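The values are calculated or read from the model by the stated rules, or taken from the named source; none is laboratory data. Here the structure is a predicted model, which means the values were calculated and not measured. Keep in mind that these areas ignore ligands, DNA and RNA; they rest on the heavy atoms of the full protein, side chains included. Shrake-Rupley method; radii C 1.70, N 1.55, O 1.52, S 1.80 Å.
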Amino acid sequence: MISIENIHKKFGDLEVLKGVSLEVKKGEVIAIIGPSGTGKSTLLRCVNYLERPEEGRITIGDLSVDAKTATKQEILKLRQRTSMVFQSYNLFKHKTALENVMEPLVAAKGMKKSQAEPIARELIAKVGLLDKADQYPSKLSGGQQQRIGIARAMAVHPQLMLFDEPTSALDPELVGEVVKVIKDLAENHMTMLIVTHEMKFAQQVADRVIFMDGGGIVEEGPPQQIFSSPRSERTIRFLNMVRQKDL
């Protein structure tokens, strides 16, 4: 079980997260939707302390970290249980796809390169890119780079994977290949929190959809309920606006 309790985050005088709480079951896939600037990505970054919240508690399994008292060691342990996939891929340009996936195994897990390489190759095979293992990022399409980014995130065997707009930087025809990889992860019961602006993607992969606005959770429920019969007037307005843009 993963628990996010009463998370508050400010940037200067701007309160971006106003006491967000959420529980995630093992193997559950949650899509987080909502307008820009409402704290979706900040919430993900607070979960693994890329941003330190002013208040709140993150619990993953038997590890519980309180924002007000968190030590460097606790934060390191928390990060070892999570991994994050960014919209901008964040691959090392001077390393091959294989070397990028090996990096967390060598740097974070302390493995020898000879130990890390077969594991990295297996992960690259899982995202369908074994034939690209020796290519540098500049030779890969956006979709391929993102799939390598997912393989790298999988390398540390996280208890929770965090995806920040994983398809937003991709050309439309490349979105499908990344969605397939995430669907495969879902079928293998990987626990995931996914921030996305693509409603179809959220419907395809999520067990539960959360709508955020104004620094808090407005509504949550199964995809069918959220997209077909939302209860909140704010959710209805947001989805109507999105649908009009898609016309």
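Leaving ligands, DNA and RNA out of it, rank 226, 75 by accessible area with a 1.4 Å probe, largest first.
My answer, sorted largest first, is 75, 226.
Name the lysines eligible as straight-distance cross-link partners of residue 72: C-alpha to C-alpha under 25 Å, and not fewer than 8 places from it in the same chain.
Once the sequence-local lysines are set aside, what remains near residue 72 is 9, 10, 18, 40, 109.
How big is the equivalent ellipsoid of segment 7-136 along its three axes, where each semi-axis is √(5λ) from the Cα gyration tensor, reported in whole Å from largest to smallest?
So the equivalent ellipsoid measures 32, 18, 14 Å along its semi-axes.
What accessible area per residue, rounded to a whole number of Å², is obtained for segment 175-247 using a probe radius of 1.4 Å? Show your work: numbers first, answer last.
Working: 3790 Å² over 73 residues.
Heavy-atom accessible area per residue stands at 52 Å².
Heavy atoms only, probe 1.4 Å: what % of the accessible area of segment 29-123 goes to carbon and sulfur, would you let me know?
Here carbon and sulfur together make up 49 percent of the probe-accessible area.
Send over a whole-number figure in Å² for the accessible area per residue of segment 1-122, probe 1.4 Å.
51
If DNA, RNA and ligands are ignored and the probe is 1.4 Å, what is the ranking of 231, 81 by accessible area, most exposed first?
231, 81
Helix-only estimate, please: 222 nm mean residue ellipticity of the chain, summing -39500 (n - 2.57) across DSSP H runs of length 4 or more and dividing by its residues, to the nearest 500.
Result for the chain: -12000 deg cm²/dmol, rounded to the nearest 500.
Under the Karplus relation 6.51 cos²θ - 1.76 cosθ + 1.60, θ = phi - 60°, what is the ordered set of whole-Hz ³J(HN,Hα) values for segment 16-26, x standing for Gly and Pro?
Here the 3J(HN,Hα) series is 8, 10, 10, x, 7, 10, 7, 10, 10, 7, 4 Hz.
To the nearest 10 square angstrom, how much accessible area does residue 157 have with a 1.4 angstrom probe?
150
Where the centroid of each part is defined by its Cα atoms, how far is segment 122-161 from segment 212-237 in Å?
33
Under the Kirkwood approximation applied to all pairs of distinct alpha-carbon atoms, what is the hydrodynamic radius of segment 157-247 in Å? Walk me through the intermediate numbers first.
Numbers: mean 1/r = 0.0706 Å⁻¹.
Computed over segment 157-247, the radius equals 14.2 Å.
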